[in-house]
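The values are calculated or read from the model by the stated rules, or taken from the named source; none is laboratory data. Everything numeric in this text was worked out from a predicted model, so none of it was measured. Neighbour counts run over all protein chains shown; Cβ positions are idealised from the backbone, glycine included. Protein only, heavy atoms only, side chains kept; ligands, DNA and RNA dropped before computing areas. Shrake-Rupley method; radii C 1.70, N 1.55, O 1.52, S 1.80 Å.
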Amino acid sequence: MDIGDIRRAAEVIAAFVHKTPLIYSSSFSSMTGAEVYLKAENLQKTGSFKVRGAFNKLNSLDKKSVIAASMGNHAQGVAYAAAQLGLHAKIVMPLSASIVKQEATKGYGAELELHGDSFQEALQYARSQEGHVFIHAYDDEKIIAGQGTIGLEIVGELKDIDTIIVPVGGGGLISGIAAAVKELSPHTEIIGVQTESAVSAYTSFRNKKIEERVPSSTLADGIAVGKVGDITFAIIEKYVDDMMLVDEDSIAMAILLFLERKKLVVEGAGTVPLAALLEQKERFRGKRVVLVVSGGNIDFTLIDRIIHKGLVSSGRIGLFEVTVDDIPGQLHALTGLIAGLRGNIHTIVHDRLSPGLSAVQTKVVFTVEARGKAHLTEIISAIRARGFAIRPIP
């Protein structure tokens, strides 16, 4: 696969997909010291970049039935492309796939079957089925070329890019983008990002051989892939400059920041480039950086918990317990102290039965809204300075 394949893919899919916007972010630039742009594939049809590769692959077929395995976004891309091209699509998802993505896949007209507890089990099952053309989520040159059209769009719109940061699961997105960008802008650094909960591509890149790693539970379920692809790994080795890992707290904070600062709904996998940028600001300070925002198909049944986790990680919400004498005036003194420092108390819970408390003591658990970590530390320090025993709750 080469740049010619990617250019041909761009011609094939042009009538079916959006040319997504490349958005300059003044807020993320100010926060990180970099010049930050967002390639907003969360605004793509089906809410993900996956539809690009799906159209490029399905348009090349002469058979009428396809099958694919997916955690969700590839499923929706294949289902939508098949419907537009008049093909029948069967999608296999693991039992752990979100209900939101299951329903969306059926909504695009695909036949859905749930099988296995992991993506790898669903993948093996789908490959064993006869009577359909198997559409791999990432380890296929037509799929990779389709995803590579994102790279063409980025370098066609923005010059002198120092770094492009890309989410990585099985490697289809980053290998396509890297193959396009390195041909057109060789000086541009291509960096992949995985979550610490799914590290196959990262460890394979570091050890220079494909290594399988079983993913654990993660907010970035779209990149929770246990084994990087054979084709994609060869391209990654050739073109990708570095791989990074981010933790779950950073992902939660990035989801929150996209909502709060950019008014964009972005799924966990799509936020890992921002999480990486925030974790290593100094590395990218002063550079022109493009973050590939790969998708926006977040499970809204989890979003309140994700937002809460992000608020806690950023210090905007603090939980702590204070041991006080159970006498009149103590709670008033505490709440007055917090209010005097402009902390906003959300909840107060009394606990008089914890081990270690005397008969005249109580623990009071506070949930407090603050402006950030420094403000929260100021509140906790002031309570401690007044002689109260206080313990922050992680």
* Asked: Which condition number in (1) in contact with a helix residue (DSSP H, G or I) (Cβ under 7 Å, 6 or more places away or on another chain); (2) crowded, with 20+ Cβ neighbours inside 10 Å is the one that Ala276 fails?
  -> (1)
* Asked: Considering only segment 185-216, how many residues are within 13 Å of the chain's Cα centre (by Cα), assigned to a loop (DSSP other than H, G, I, E, B) and of a type in the set (S, T, N, Q)?
  -> 1
* Answer yes or no: is there a residue in segment 93-101 that is β-branched (Val, Ile, Thr) and more than 22 Å from Tyr24 (Cα to Cα). => yes
* Only one residue in Lys57, Lys50 is at pLDDT 95 or above, closer than 17 Å to Ala224 by Cα and basic (Lys, Arg), so which one is that? -> Lys50
* Asked: Do we find that Asp326 is open to solvent by less than 70 Å² (accessible area, probe 1.4 Å), farther than 24 Å from Asp249 by Cα and either under 38 Å from the mean Cα position of the chain (by Cα) or in contact (Cβ under 8 Å) with a residue 24 or more places away in the chain (or both) in this structure?
  -> yes
* Asked: When only residues in segment 98-121 that are among the aliphatic types (A, V, I, L, M), out of contact with any Ser or Thr (no Cβ under 6 Å at 6 or more places or on another chain) and over 28 Å from Asp5 (Cβ atoms) count, which is most open to solvent (accessible area, probe 1.4 Å)?
  -> Ile99
* Where residues in segment 370-394 are at negative phi and either assigned to a loop (DSSP other than H, G, I, E, B) or among the polar types (S, T, N, Q) (or both), which of them is least open to solvent (accessible area, probe 1.4 Å)? -> Ala370
* For segment 160-184, what are the residues that are part of a strand (DSSP E or B) and crowded, with 24+ Cβ neighbours inside 10 Å? -> Ile164, Ile165, Val166, Pro167
* Of all the residues that make up segment 91-129, how many are of a type in the set (Lys, Arg) and at pLDDT below 90? -> 1
* **Matching residues in segment 331-340 - criterion: being open to solvent by less than 40 Å² (accessible area, probe 1.4 Å) and either in contact with a helix residue (DSSP H, G or I) (Cβ under 7 Å, 6 or more places away or on another chain) or under 16 Å from Val365 (Cβ atoms) (or both)** => Leu334, Thr335, Leu337, Ile338
* Asked: Does segment 55-64 contain at least one residue that is without any contact (Cβ under 8 Å) to a residue 12 or more places away in the chain and outside any helix (DSSP H, G or I)?
  -> yes
* Out of Gly86, Gly156, which single residue is under 18 Å from Lys45 (Cβ atoms), without any contact (Cβ under 8 Å) to a residue 24 or more places away in the chain and surrounded by fewer than 17 Cβ atoms within 10 Å (Cβ to Cβ)? -> Gly86
* Asked: Which one of Glu267, Glu189 is of a type in the set (Asp, Glu) and within 27 Å of Ser96 (Cα to Cα)?
  -> Glu267
